[in-house]
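Only one structure is covered here, and it is reproduced in the block below.
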Amino acid sequence: MKRYFAQCASALGLMVLASGALAQNESAGSGASANVFYFGLGMPRIASALPFSIGYVRLGATDKWVWGGDYAGEGNMYDSTWGQTNSLTRGTSYNLLFGKNILVKDGYRVDAMALAGARLTAMYCASSNVGYQCYANQSPSYTYEVNYGAEVLWSFDKWSLGLRATNASAQALVGLRF
């Protein structure tokens, strides 16, 4: 658990450093395009481990379309590699985001996006007798399921706040706009 919080703190520190180096003095409602790098934590829907996400969103200026991607630790994964038989661990997902700006007011904007991707649900292989992860040091096989959901970002100045809900978790997001 300490390792997980250390990773979260490192990602948050990286976001702060990136925003300081790349931030521009534009207001969110100025019509200029922008980037958002975010981090999320939340409540699990189908797992016991605390879900997280790290993502990037490109906010368009003239066409009002937004797009991005994220990596998340959410859902369950069954691990049946060496020394484990259907051991339950946190799954990972890789997702794409695509949406549209729905509101621009003085100094802020709101964007809504659909989320679609793949979530790792199982990792398995033949057992090794000599300590490898799999028999004859082969790579394990993976099983993926569809991951889907929605995300809403409220951006102002150099910050973004949002909500991310998928079939595996619900999360609150904090991001830096640059």
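Coordinate-derived values only; no laboratory data. Nothing here was measured: the structure is a model prediction, and the numbers come from that model. Cβ atoms come from the backbone with ideal geometry, glycine included; neighbour counts cover every protein chain shown.
Length available on full extension from Tyr56 to Asn137: 0.36 nm per residue minus the Cα-Cα distance, which gives 25.6 nm. Under the simplified labelling scheme, the Tyr94-Val152 pair shows an inter-label distance of 3.0 nm, with each label point 7 Å from Cα along Cα→Cβ.
Listed by chain and number, the aspartates and glutamates placed with their C-alpha closer than 18 angstrom to that of Lys105 are Glu26, Asp63, Asp157; residues fewer than eight positions away on the same chain are left out. In this calculation the C-beta distance from Ser87 to Leu41 is compared with R0 = 25 Å, giving a FRET efficiency of 0.55.
Arranged from highest to lowest average of other beta-carbon atoms within 10 Å per residue, in what order do the peptides 125-138, 163-176, 50-63 appear? Mind showing how you got there, number by number?
Numbers: 125-138: 12.7, 163-176: 20.6, 50-63: 17.8.
The densest-packed peptide leads the list: 163-176, 50-63, 125-138.
Compared with the direct C-alpha span, the chain from Ala118 to Lys105 gains 1.2 nm at full extension, assuming 0.36 nm per residue. At full extension, Ala126 and Leu161 could sit 8.1 nm farther apart than now, given 0.36 nm per residue minus the alpha carbon distance.
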